[in-house]
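Structure, as structure tokens:
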Amino acid sequence: MIIDLHIHSKVSDGKLTVQEILKEAKNRNIGFMAITDHDSIRYQTQATATAKKEGIRYVTGVELNVTFTHPKYHEGKPVSLDFLGYQFDSTNKALESKLETMAKYREERAAKILGNLNSEFEEENISALTEDDLRQIEESVDGVLGRPHIADYLVKKRIVKTRQEAFDKYLVKCDVPKYPLYLEEASKLIRDAGGKLVLAHPNDPHGTSLVALTKSLVEQTVIIQEKMLLYIDGVECWHSRNTPETTNHYVTFAKEHGLIMTGGSDCHQKPIIMGTVQVPDWVANQFA
């Protein structure tokens with residue numbers, strides 16, 4: 001069975017709609033999957049129904065960005081980590097309400113980022129972004145607004161050539177803090193909705209991960225033991241940017257601590273890599 005439990009749609013920062021993802025998943029013979037958009041569960045009911053029609057086993061999913069600190073690392077300053085929620089009730093009111101609050105904050109954050117960008121543009125004699133530009137960015141998003149959408153707009157305006165250039169040249173420097181969701185609250189939200197919370201891509205060198213605190217796999221799992229075990233149900237052990245060493249380390253750790261193990265491509269559809277990570281068949285049995 002082909003399994004992919006980490007896919008992003010246009011609702012967050014992917015390129016395909018939920019319907020297009022499910023059609024592609026069918027073409028790729030994916031048998032068990034989850035769409036895990038950032039801070040949004042807007043189309044989970046639709047995805048569940050469509051997957052059933054396509055003969056694909058589906059589990060509800062979301063990716064939550066959490067503010068995390070550890071006194072021994074990063075001078076005790078906060079870092080961002082991602083956690084995947086699975087198998088929750090997508091009509092849970094508390095979860096829906098919190099995600100709506102976070103979506104509103106994202107819009108306010110985007111306006112502040114544009115203000116910071118304009119300060120940079122003024123120094124470079126680039127025309128300032130206006131309220132109309134912000135409106136166009138918001139209209140391009142079918143879900144939660146984030147920096148990737150701003151980056152794509154800068155490409156469209158020919159201020160930069162690529163999304164990556166937008167981040168490297170402007171968006172890292174002009175960033176505004178994300179909504180402060182803490183692990184305890186994220187865990188309660190997902191578990192109270194009947195779901196499971198999983199630490200996403202813990203050793204991703206290019207993503208939001210424990211690498212921000214330490215590159216040592218041993219130290220990473222000590223951090224999880226000390227600060228996370230009470231609040232998580234599993235770890236993402238298979239990921240498109242994992243090395244075999246990372247996967248083996250986290251599989252061993254998960255078995256030692258009775259955690260579920262998940263895996264996925266983290267596909268954003270450029271290129272389309274969904275279904276390309278080899279996740280063992282037995283992973284699906286954890287969601288019986």
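Read the figures in this text as sums done on the coordinates, not as results from a lab. Bear in mind the structure is a predicted one, so any value in this text is a computation, not a measurement. When we count neighbours, we look across all protein chains shown, and the Cβ atoms used for this are built from the backbone with ideal geometry, even at glycine.
Could you please let me know if LEU197 is touching a helix residue (DSSP H, G or I) at 6+ places or on another chain (Cβ under 6 Å) and surrounded by fewer than 22 Cβ atoms within 10 Å (Cβ to Cβ)? In short, no. When LYS15 is tested against (1) crowded, with 19+ Cβ neighbours inside 10 Å; (2) more than 11 Å from MET274 (Cβ to Cβ), only condition (1) is not met.
In this structure, is LYS188 over 18 Å from GLU245 (Cβ atoms) and either assigned to a helix (DSSP H, G or I) or over 18 Å from the mean Cα position of the chain (by Cα) (or both)?
Values: over 18 Å from GLU245 (Cβ atoms): yes; either assigned to a helix (DSSP H, G or I) or over 18 Å from the mean Cα position of the chain (by Cα) (or both): yes.
The answer is yes for LYS188.
Has region 260-270 got any residue that is surrounded by 15 or more Cβ atoms within 10 Å (Cβ to Cβ) and of a type in the set (Lys, Arg)? There is no residue in region 260-270 that is surrounded by 15 or more Cβ atoms within 10 Å (Cβ to Cβ) and of a type in the set (Lys, Arg).
Among the residues of region 149-175, those identified as of a type outside the set (Gly, Ala, Ser), surrounded by 16 or more Cβ atoms within 10 Å (Cβ to Cβ) and in contact (Cβ under 8 Å) with a residue 12 or more places away in the chain are HIS149, ILE150, ASP152, TYR153, LEU154, ILE159, ARG163, PHE167, TYR170, LEU171, CYS174. Among the residues of region 250-288, those that are over 13 Å from TRP238 (Cα atoms), polar (S, T, N, Q) and not in a loop (DSSP other than H, G, I, E, B) comprise ASN285, GLN286. The number of residues in region 18-57 being touching a residue at least 60 places away in the same chain (Cβ under 8 Å), surrounded by fewer than 18 Cβ atoms within 10 Å (Cβ to Cβ) and under 29 Å from ARG163 (Cα atoms) comes to 2.
A quick yes/no check of all residues on (1) at positive phi; (2) touching a strand residue (DSSP E or B) at 6+ places or on another chain (Cβ under 8 Å):
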| position | (1), (2) |
| --- | --- |
| GLY31 | no, yes |
| ILE35 | no, yes |
| ASP39 | yes, yes |
| GLY55 | yes, no |
| LYS77 | no, no |
| LEU81 | no, yes |
| PHE88 | no, yes |
| MET102 | no, no |
| GLU107 | no, no |
